Every structure is written in C-alpha cells, then in structure tokens.
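Have a look at the structure below, then the notes.
The values are calculated or read from the model by the stated rules, or taken from the named source; none is laboratory data. Bear in mind the structure is a predicted one, so any value in this text is a computation, not a measurement. Counting neighbours? That spans all protein chains shown, and the Cβs are built from the backbone with ideal geometry, glycine included. Remember, those area values only see protein heavy atoms, side chains included, never the ligands or the DNA or RNA. Shrake-Rupley method; radii C 1.70, N 1.55, O 1.52, S 1.80 Å.
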Amino acid sequence: MDFNMKKLASDAGIFFTRAVQFTEEKFGQAEKTELDAHFENLLARADSTKNWTEKILRQTEVLLQPNPSARVEEFLYEKLDRKVPSRVTNGELLAQYMAEAASELGPTTPYGKTLIKVAEAEKRLGAAERDFIHTASINFLTPLRNFLEGDWKTISKERRLLQNRRLDLDACKARLKKAKAAEAKATLWNDEVDKSEQELRVAQTEFDRQAEVTRLLLEGISSTHVNHLRCLHEFVESQTTYYAQCYRHMLDLQKQLGSSQGTLFPGTFVGTTEPASPPLSSTSPTTTAATMPVEPSVAGLAPPGEAALCLEEVAPPASGTRKARVLYDYEAADSSELALLADELITVYSLPGMDPDWLIGERGNKKGKVPVTYLELLS
C-alpha cells in the first residue's frame, strides 16, 4: 500500500512538473529543446499523410456509399466485428421496379417489353456496381483504415512519449540552471547541483532513446506511401473495369432499344445526338471488349425476306438529311458500305424499312451504308 501511494505521488509530481514546464514555454518563460530540421520535416510529412489519408478515405466511402445512414450502419457492423449484410444497389432496385411495372402494365406491350429490357440492363449495372464496391473496399479502403487505426496510433503514442521526455529534459535543465545560480551565492548547494546534473544525464539519455524510436517510425511513412500507391493502382484498375462493364451493358441496351424503335417508328433517325463515350484505354481483358463501339450484327438495307434496295437508285427522303461527325475509323465490309475516317463530316439519312442500326451516308459522290454507333448526329 505504501509503495502504491509513493508511486502515485511520484507520478503526480512528474505530471505537475511537465505541466509547469509546458505552461512556462507557452509564455516564453522557459527554454525549449528544439528538434533538428530533418526530424521536423518527418513530423510534418507524417501529419500531412494522416490528414490526407483521412480525407481520401472519407470521400471514397461517400463515393462507394452515398447514403450516410448506410455508412453509419456499416461502420457499426465493423466495430462490432460482424459481417455487413448484403444490400441491394440502386440499379438493382430500379430493375426490380421496372420488371414489376412491366408485369402489371403488360409485358407484351411495346412499353412493357422496353421496361423489361431496361430492367435487365439495370440489373447487370447493379451487379457490376456491387463487384466494384466490394473490390474497392478490400483493396483500397481497408489498407487506409489499417494505417489510421494501426500504424498511426503507434506513431502518435511514441510522439506523446517523446513530448513527455522532452518536457522532463527541459525541466531538468531548468533545475540545474537554478541550482548553479544558487551555488554562486552559497556553497551549500553543491549536492543540489550534483543531483540536478545526474537527473539531466538520465533525462537526456531517455530523450535520445525515445527520439530514435520515434524517428524510425516516422521514416516508415515512406513505406506507407509505397503501400498506398499500390492500393491506388488497384482502385483505378477496379474502377476502370467497372466503367468498362457499364459501357458495354449500355451499348447492348442501346442496340436493343434502337432495333425496337426502328420497328415502332420506321424511317426515323436512330441513336443519340450526343457523342458516344470515347474508347477506354486499358489493356486488361475486361476492358478490351468496351474499347470500340459494337458493330451492328445485322447489316442490310431491308428486313429479312425483302429485296435489298439498290444504292444507285436511293435518293434522300423528302424529310431531309442531317450532318453527322464520324467518331471512329470504319472499314467498309463490302461495296454497299461507305468507309469512314474519324472526325470527318458526312451527310446521313434513313429510309423506310431500313435496319435501324444503319443509315445511308454520303460524302461527295460516294454513297453507302454506315453504322449508327460510329456517328454523332448533329442538330
């Protein structure tokens, strides 16, 4: 009991001494041991790494899960060390509503058939989003959290110890200075000077040892940057794969809807007036499929069973023509098609009964079929 009381009293005395030293430093009434410039740079880089890691982590969480309530729920599950329940993505929920609407409004009607097609595409988009969120969470978010909850806590603990050792060291320096000042006035303070010098040597040794431990941890931030760089590459790769899948699914849906539109409204222009998404530049097998627009699977001017129109006899319709900008190079498959060069302008028009995936293109005195997915129709 006496030992514990003495230890508590000793700890309280040390805490009081540190508090006095810290307060006097703030008011400029005590000297402070300064760390070298390299050490200060290490501290600044560590603080910057921690701050930016927190910001990147939080914003990535918002990107992957925009719903704040869902983020709080996932955080609680993680803290309780329980598996986060599977959650339906917004795309999958939209697909479910569209499928139910088609079932109730009539799955055989044009509107119902289109709802079903869009629902299937939204379901595939939702599944792709789910895979992206899962991959990004494991390969990117988890390493960032591990740094903040592991390495950074260790660094912070050692920095606090270093701060305490520095306060102890400076307090010893102050006591020794006072003892020497008193010694100059009376010879009775010799013992006090010796004691202060011994305490200073001990405090200096402990400070140097703690400074070295803290320095090694701070220099380890370089390894943290290397690890985060690798994780960042994996995050970009997973995001590229996700957007490539979305691009491919939407091209398939556009093709299906274009065919349906041509059946319902023959003779109208098919496709969007906005430029198609640019090809993705990834060398991975997943993204290669989406790097070029999908060529129409059916090439021809007339539906099956009908005679093909003769290009020499084709004339622009009374409804007029439109200009189109070519998005990608296209090599004609036969004499009925018109070869295209990226960025050139051509005149296009559609004819009744024509495959909705194709238009008639004219450039000078040349004429031929051109695929809609290679064009940006201009107003």
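So how many residues does region 367-379 have that are at pLDDT below 90 and open to solvent by 30 Å² or more (accessible area, probe 1.4 Å)?
3
So which residues in region 131-150 are surrounded by fewer than 17 Cβ atoms within 10 Å (Cβ to Cβ) and either hydrophobic (A, V, I, L, M, F, W, C) or touching a Cys at 6+ places or on another chain (Cβ under 8 Å) (or both)?
Ile138, Leu148
Is it the case that some residue within region 115-125 is outside any helix (DSSP H, G or I), open to solvent by less than 60 Å² (accessible area, probe 1.4 Å) and assigned by the TED database to the domain that holds His249?
No - not one qualifying residue is present in region 115-125.
Just for region 51-80: of the residues that are farther than 18 Å from Leu148 by Cα and in contact (Cβ under 8 Å) with a residue 60 or more places away in the chain, which one is most open to solvent (accessible area, probe 1.4 Å)?
Applying the filter and picking the extreme gives Gln65.
Limited to region 207-247, what total is found for residues that are part of a helix (DSSP H, G or I) and open to solvent by less than 70 Å² (accessible area, probe 1.4 Å)? Walk me through it before giving the result.
Keep residues of region 207-247 that are part of a helix (DSSP H, G or I), which gives 207-219, 221-247.
With open to solvent by less than 70 Å² (accessible area, probe 1.4 Å) added as a condition, the list becomes 207, 210-211, 213-215, 217-218, 221-222, 224, 227-228, 231, 234-235, 238-242, 244-247.
Of the residues in that region, 25 qualify.
Among the residues in region 188-196, are any assigned by the TED database to the domain that holds Asn139, more than 23 Å from Trp52 (Cβ to Cβ) and outside any helix (DSSP H, G or I)?
No; the residues of region 188-196 include none that is assigned by the TED database to the domain that holds Asn139, more than 23 Å from Trp52 (Cβ to Cβ) and outside any helix (DSSP H, G or I).
For residues that are among the hydrophobic types (A, V, I, L, M, F, W, C) and in a loop (DSSP other than H, G, I, E, B), scanning just region 16-50, find the one that is most open to solvent (accessible area, probe 1.4 Å).
Ranking the qualifying residues of region 16-50, first place goes to Phe27.
I need a count of the residues in region 314-335 that are aliphatic (A, V, I, L, M), surrounded by 11 or more Cβ atoms within 10 Å (Cβ to Cβ) and under 13 Å from Leu359 (Cα atoms).
Taking region 314-335 first, the residues aliphatic (A, V, I, L, M) are 314-315, 318, 324, 326-327, 332-333.
Still in the list and also surrounded by 11 or more Cβ atoms within 10 Å (Cβ to Cβ): 314, 324, 326-327, 332-333.
The next check asks that each one be under 13 Å from Leu359 (Cα atoms); those that pass are 314, 324, 326.
Number satisfying all stated conditions: 3.
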